[in-house]
Amino acid sequence: MMHLAICHTVVVDKNKGVYNAASPDEQALVEGAKAEGFEFVGRETDNVIVVRDSLGYTLRYKVLNVLEFNSTRKRMSIIMEN
């Protein structure tokens, strides 16, 4: 679930409090992770993803590199630093 909460390109609309994504599948996975207790809170200016886990802890992960989804690999990857 933590992986689903951090490996994506979803953004949070702060005014409406909803997720926005280019892909409905990606949005559904982030919403599913939230339903299981791993809430994507947002992105900070220095390329840091903020997640709240099922115990209520706020975790920050620095994005080092994003390997976008492509039809050859059939996946997206993200390299993070905790």
**Report entry** Check on Arg43, among the basic types (Lys, Arg) and surrounded by 11 or more Cβ atoms within 10 Å (Cβ to Cβ)
**Finding:** yes
Report summary line: When every residue in region 18-38 that is of a type in the set (Gly, Ala, Ser), under 14 Å from Arg52 (Cβ atoms) and out of contact with any strand residue (DSSP E or B) (no Cβ under 8 Å at 6 or more places or on another chain) is compared, the one surrounded by the fewest Cβ atoms within 10 Å (Cβ to Cβ) is Ala35
Report task. Report whether or not Lys14 is within 21 Å of Arg60 (Cβ to Cβ), among the basic types (Lys, Arg) and surrounded by fewer than 18 Cβ atoms within 10 Å (Cβ to Cβ). Result -> yes
Report summary line: For region 1-51, the count of residues that are part of a strand (DSSP E or B) and of a type in the set (Phe, Trp, Tyr) equals 2
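A short reminder: the numbers here are calculations on the coordinates, not readings from a lab. The shown structure was predicted, so the numbers you read here are calculated from the model rather than taken from an experiment. Every residue, glycine as well, gets a Cβ built from its backbone with ideal geometry; the counts of neighbours run over all protein chains shown.
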